[in-house]
Each structure stands twice: as structure tokens, then as C-alpha cells.
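K.L.:
This is the structure I want to talk about, given as C-alpha cells.
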Amino acid sequence: MTQAPTLVPAAELVKRNGASQINESPEYRRARDELLREEIELRRHIERVAELRRALPPGGEVIGDYRFEGEHGPTDFAGLFGDKQTLVVYSYMFGPQRERPCPMCTSMLSAWEGEANDMQQRIALAVIARSPIERLVAFKRERHWRYLKLYSDLNGNFSRDYHAIADDGSDIPEINVFTRRDGKIRLFWSGEMGTATADPGQDPRGAPDPMPIWTVLDLTPEGRGTNWYPKLEYPA
């Protein structure tokens, strides 16, 4: 087993960094250095969580009757992998009961669209919803998405088995990661943070948050707020 490297204390790294900003006050620098120390610790914790995720034992084997319709025709679950060994699936809240898709899902996927071509150099990426493929493709064209691969869950089995349908039949957003190793497809990781794990005053969300918009807004004094969410359209 590889021994973890000895890390320099975060406070020492802050001293070595020696950053300063033009016209800053001593009070600002003291507070900023303390924040920098916490940012270093956060980066390290994010990496520790990623290491724990990568070290997960094999998950449950995928054996269900899953059928999909993509832009180029029908496929089974294995077909979603293409030539890759890892598959990331996002369950899109765009079921047949919806006139329009979920704005929050759409905001996140619009951000992923900009990275999808890069991500798909290393992994397969599939967006699965319960609406007919014609409806999904029409919306994809409306949003000018080029690289995201959308699939219709034809029999709903995948959405039911992998927690994308609520008890009342409505949609639930979900991220699942699957692997194909030694001839078997298994679940690697699934997002399990939701309402039951939310902290007081916060929306349910994972960590790290897969929506880049919140990461950017968290850098601002206004933050992400509690009374604003993305929309599908905005006034011109």
C-alpha cells in the first residue's frame, strides 16, 4: 500500500504563499489568510473524499431489463458505454408528465454540454429521461446542445431501479456511475445526498456540487441565495 505523503500544515503554506492584494487593509489580509488556510484544508478534504470514492469495493451488478432509444436508434445498457469502461448517467427530470424539463437539471446539463466533448475522451456520458426520444431531441436542438447524448428510458425500468422516479411517479434527478470490468457491469457510485441529508437552511445537494453555477456564485458576497433558481428562459 502506498504511503500517503506528509503534508505541510496549511498555515505554513499560507505563510509561504505570501499573497497580497492592492490597497488591502491589515484586517483584510488577516481574514483572507485565515480563509486561505480553510480553502487549503477544503481542497485536501475534497481529495480525501475522492480517494475514498475510488477505493469503494465493487457495487451491485447491473442485470435488469433496460432498454433505451437514442438519437441513432435503440440500445441496451451495455451499448451506453460505447468503447469506454466507465459510464456516467444523469437521470434528467423530463418525464412525459412534464410540459417542459426541469430548469435546474437543464442549467446543469447546459454547463456539462460545454465539457461533454472533453469528458467523453475518458468516459461515456449518457443523459436519460422518460420522455420519447423525439421530444428529447427537439429540446436538445432548442438549447443548441451538440455533445450531450440523450436517451429515452423505453420501459422505465432503469429509472425505477436507480432512484429516478418518486413514489408518486414524478421525476427525481440522479447521478450514477457504472463500470465495465472483467465482462461485468456494476454500479460504482451513486449520489445519495438529498432531503434527508440536507443541513438546515440549505437546499439538498451533493458534495462536491455538480452544478458549476453554484460554485461560481459561492465565490461572491451574495452567494447562491435562497430565493433564486435558474429558469429555462429569461427576458431579452
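The values are calculated or read from the model by the stated rules, or taken from the named source; none is laboratory data. This is a predicted model, so every value here is computed, not measured. Virtual Cβ from ideal backbone geometry, glycine too; neighbours counted across all protein chains shown. When the accessible area is computed, the model is the full protein with side chains, heavy atoms only, and any ligands, DNA or RNA have been set aside. Shrake-Rupley method; radii C 1.70, N 1.55, O 1.52, S 1.80 Å.
K.L.:
Mind counting the residues in segment 3-49 that are closer than 21 Å to Thr215 by Cα, of a type outside the set (A, V, I, L, M, F, W, C) and out of contact with any Lys or Arg (no Cβ under 9 Å at 6 or more places or on another chain)?
P.N.:
Selection size over segment 3-49: 11.
K.L.:
So, one more: Of the residues that sit in segment 143-190 and are closer than 17 Å to Gly64 by Cα and of a type in the set (Val, Ile, Thr), which one is surrounded by the fewest Cβ atoms within 10 Å (Cβ to Cβ)?
P.N.:
The extreme case among them is Val177.
K.L.:
Another question, then. For segment 132-142, name all the residues that are under 16 Å from Pro74 (Cβ atoms) and open to solvent by less than 40 Å² (accessible area, probe 1.4 Å).
P.N.:
Scanning segment 132-142 gives Ile133, Leu136, Val137.
K.L.:
Name every residue in segment 191-236 that is of a type in the set (A, V, I, L, M), modelled with pLDDT of 90 or more, assigned to a loop (DSSP other than H, G, I, E, B) and open to solvent by 50 Å² or more (accessible area, probe 1.4 Å), in order of residue number.
P.N.:
Met193, Leu219
K.L.:
Quick check on my filter: what residues within segment 92-103 are of a type outside the set (D, E, K, R), at pLDDT 95 or above and over 12 Å from the mean Cα position of the chain (by Cα)?
P.N.:
Met93, Phe94, Gly95, Pro101, Cys102, Pro103 - these are the residues of segment 92-103 that are of a type outside the set (D, E, K, R), at pLDDT 95 or above and over 12 Å from the mean Cα position of the chain (by Cα).
K.L.:
Does segment 139-159 hold any residues that are in contact with a helix residue (DSSP H, G or I) (Cβ under 6 Å, 6 or more places away or on another chain) and among the polar types (S, T, N, Q), and which are they?
P.N.:
Across segment 139-159, the qualifying residue is only Ser152.
K.L.:
So, in segment 89-107, of the ones that are aliphatic (A, V, I, L, M) and surrounded by fewer than 21 Cβ atoms within 10 Å (Cβ to Cβ), which residue ends up nearest to Pro210 (Cα to Cα)?
P.N.:
Top of the filtered list is Met104.
K.L.:
Looking only at segment 159-171, which residues are in a loop (DSSP other than H, G, I, E, B) and under 15 Å from Pro96 (Cβ atoms)?
P.N.:
Ala164, Ala166, Asp168, Gly169, Ser170
K.L.:
Go through (1) in contact with a strand residue (DSSP E or B) (Cβ under 9 Å, 6 or more places away or on another chain); (2) closer than 19 Å to Leu87 by Cα; (3) open to solvent by less than 80 Å² (accessible area, probe 1.4 Å) one by one and return the number of the condition Gln120 breaks.
P.N.:
The single condition Gln120 does not satisfy is (1).
K.L.:
If you don't mind, there's one more thing I want to ask. When segment 192-236 is examined, which residues are found to be hydroxyl-bearing (Ser, Thr, Tyr) and without any contact (Cβ under 8 Å) to a residue 40 or more places away in the chain?
P.N.:
Selection gives Thr195, Thr197, Thr215, Thr220, Thr226, Tyr234.
K.L.:
Tally up the residues in segment 123-138 that are under 18 Å from Phe81 (Cβ atoms) and in contact with a Lys or Arg (Cβ under 9 Å, 6 or more places away or on another chain), please.
P.N.:
5
K.L.:
Still on this structure, please answer the following. Out of all the residues in segment 44-58, is one or more more than 23 Å from Met119 (Cβ to Cβ), among the aliphatic types (A, V, I, L, M) and modelled with pLDDT of 95 or more?
P.N.:
Within segment 44-58 (the criterion being more than 23 Å from Met119 (Cβ to Cβ), among the aliphatic types (A, V, I, L, M) and modelled with pLDDT of 95 or more), the answer is no, since none of the residues qualifies.
K.L.:
Moving on to the next point. Can you tell me which residue is surrounded by the most Cβ atoms within 10 Å (Cβ to Cβ) among those in segment 39-75 that are in contact (Cβ under 8 Å) with a residue 40 or more places away in the chain and among the β-branched types (Val, Ile, Thr)?
P.N.:
Val62
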